Amino acid sequence: MTYVERSFVSPSGEVVARFDVPYLADGGEYRCRWHLQWPERTTSHEAAGIDGVQALLLAMRTVHSELTETDEYKAGALKYLDQADLDLPPTWGNGPLYDAGPAAEK
């Protein structure tokens, strides 16, 4: 069940990151399933944490890493609100909210 989602714009179309409601797993840890929907593919995995907040934050960090490793992001073509900063952890609290991104550094 989707808890929150965020849409990004890429040259190939909309990219949607969805985060499910964190849940308590049988092993005692909390898990948060995330989905990354590209126009041509979907990726889904889980992140685990000591509580639901940590599981959600770790899922968001993982999605941030997945997105910033793409050719679209590295070319400066993946945007959130027309900005290069995707506004997901780990960028929270690490400097200006909206930066120019890697393509502007060339």
Exception for residue 45 within (1) crowded, with 16+ Cβ neighbours inside 10 Å; (2) assigned to a strand (DSSP E or B); (3) of a type outside the set (Val, Ile, Thr); (4) within 13 Å of the chain's Cα centre (by Cα) falls at (1)
All but one of (1) closer than 16 Å to residue 9 by Cα; (2) at pLDDT 95 or above hold for residue 45; state the number of the condition that does not hold.
(1)
Assigned to a loop (DSSP other than H, G, I, E, B) and on the phi < 0 side of the Ramachandran plot: does that describe residue 77?
yes
Do we have any residue at all in region 11-32 that's modelled with pLDDT under 95, hydrophobic (A, V, I, L, M, F, W, C) and either on the phi > 0 side of the Ramachandran plot or exposed (fewer than 13 other Cβ atoms within 10 Å of the Cβ) (or both)?
no
For region 56-65, state whether one or more residues are surrounded by 15 or more Cβ atoms within 10 Å (Cβ to Cβ), in a loop (DSSP other than H, G, I, E, B), in contact with a strand residue (DSSP E or B) (Cβ under 8 Å, 6 or more places away or on another chain) and not small (Gly, Ala, Ser).
no
Residue by residue through region 73-83, note down the ones that are touching a Gly at 6+ places or on another chain (Cβ under 8 Å) and buried (at least 18 other Cβ atoms within 10 Å of the Cβ).
73
In region 65-79, the residues that are hydrophobic (A, V, I, L, M, F, W, C) and touching a Ser or Thr at 6+ places or on another chain (Cβ under 8 Å):
77, 78
For residues that are within 16 Å of residue 16 (Cα to Cα) and aliphatic (A, V, I, L, M), tally how many sit in region 57-69.
4
For region 1-38, give me each residue that is under 19 Å from residue 83 (Cβ atoms) and assigned to a loop (DSSP other than H, G, I, E, B).
11, 12
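The values are calculated or read from the model by the stated rules, or taken from the named source; none is laboratory data. Every value quoted in this text rests on a predicted model; they were computed, and no experiment measured them. Cβ coordinates were reconstructed from backbone atoms using ideal geometry, including for glycine residues, and neighbour counts include every protein chain displayed.
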